[in-house]
């Protein structure tokens, strides 16, 4: 049952691996919405409505049946999302979400009309069917983008709205005192004068109300000029936001090289992103839900955001996986993380992969079966480990000693490097590190926390513990001359 519910949820949300099914369903709903809007419009033409009344009625019944089924399937399957996991409160939370309210408004007028007898109320209910057009927001990427932009710029839009109200009030007050005596009927009060202020500031100029005094004309001309700039502000704010959304937030494919792709923005994802940014790395975030509360943090750091399913190759392509240096999969679904990793490897076989895996046994199988060495289970999960492992493939773990981050690194002594011929005592003494494990290349003998002095040779393997500042120096020592 859970598998069926997850499949239904993914099809409805457009994230199903059965991409053709999801796309077909979306196109069906969009076509039905547009058909309903056309029908609502044509019904207002009496001769058409009378001639095709049965057709309109059948369209309404079929539409209500499909929209109702969609709504109840969404409510039933929403618990597949981590945002609505609880079987009761999760569903109530989903029902109260904006798009679920839109879905309910699309079908509610029909069911209310079954119990209504007042003709005026019935006409009002039929008019409410126009809300069905809002369902297009769910299926249209352009409308989703517009909604994201409006939300992201709400503070600026509110400021311009408040400023507009202030200007309308001030201009109405002054114009009332300039014109009231000359035109008592047209400018009878400040509220009546506000109509003039609105049509002047918006530069509509219907001409039904206009000043005739000299002061009124001068003031009116000044207000008309102010209006050009005043009502252009929201357009400028939204226009610049569209450009930024297009460049940074996924409308175009990311164009970077050797960047880090973080798939899944939760608490760990935010910390990993911030660690990488502090290390001076370029980062791209991939997240399935636009409503994710952590996306604002990414955008505040000017980090590009790609909205899409991490299991889809197209999503990773949008994130620039072909040119990326590393993919870090941090979603809360093990198989989604693994699928993202395999898709990334299919496109670029040498890409560095870091996985978050909840199942400890699965983490071991991933490392042995898929050649992905950095698969971290919860027992080893820490944001610094992800960040440092992404930057340095030799990092196999991390831990804190007080406030100090320590790294566990695994490396093989390179022929001709400074380490080749150096003793373990010299290495520890001169470089502020501890050797946790030494594996002799010739004999295969392993020694933990060695107490004797050993001369390192090419091919020997070391596991060392050191601070992040020392790690680069260790790599320099292990670089062939």
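When peptides 48-58, 183-193 are sorted by average Cβ neighbour count within 10 Å, with the highest value leading, the order is 183-193, 48-58. Packing, taken as the mean count of other beta carbons within 10 Å per residue, orders the peptides 328-337, 439-448, 160-169, 408-417 from highest to lowest as 328-337, 408-417, 160-169, 439-448. Each of residue 4 and residue 449 was given a label point 7 Å from its Cα along the Cα-to-Cβ line. The distance between the two points is 5.7 nm. Against the empirical curve 2.2 N^0.38 Å, the C-alpha radius of gyration of the stretch 395-477 lands at a ratio of 1.04.
Descending by average beta-carbon neighbour count within 10 Å, the peptides 87-98, 284-295, 305-316 line up as 305-316, 284-295, 87-98, the highest first. For the stretch 155-233, just say rounded, prolate or oblate: build the C-alpha gyration tensor, square-root its eigenvalues into a ≥ b ≥ c, call rounded for a/c under 1.5, and beyond that prolate if a/b exceeds b/c, oblate if not. Taking the square roots of the gyration eigenvalues as a ≥ b ≥ c, the stretch 155-233 is prolate. Length available on full extension from residue 163 to residue 95: 0.36 nm per residue minus the Cα-Cα distance, which gives 21.0 nm.
Stretched out straight at 0.36 nm per residue, the stretch from residue 170 to residue 301 would grow longer than its current Cα-Cα span by 43.2 nm. Subtracting the Cα-Cα distance of residue 399 and residue 112 from 0.36 nm times their residue separation leaves 97.2 nm of extension gain.
FYI, it's all coordinate maths here, none of it is from the lab. Bear in mind that the values here come from a model prediction, so they are computed numbers and not experimental data. Every residue, glycine among them, receives a Cβ derived from its backbone with ideal geometry; neighbour counts consider all protein chains shown.
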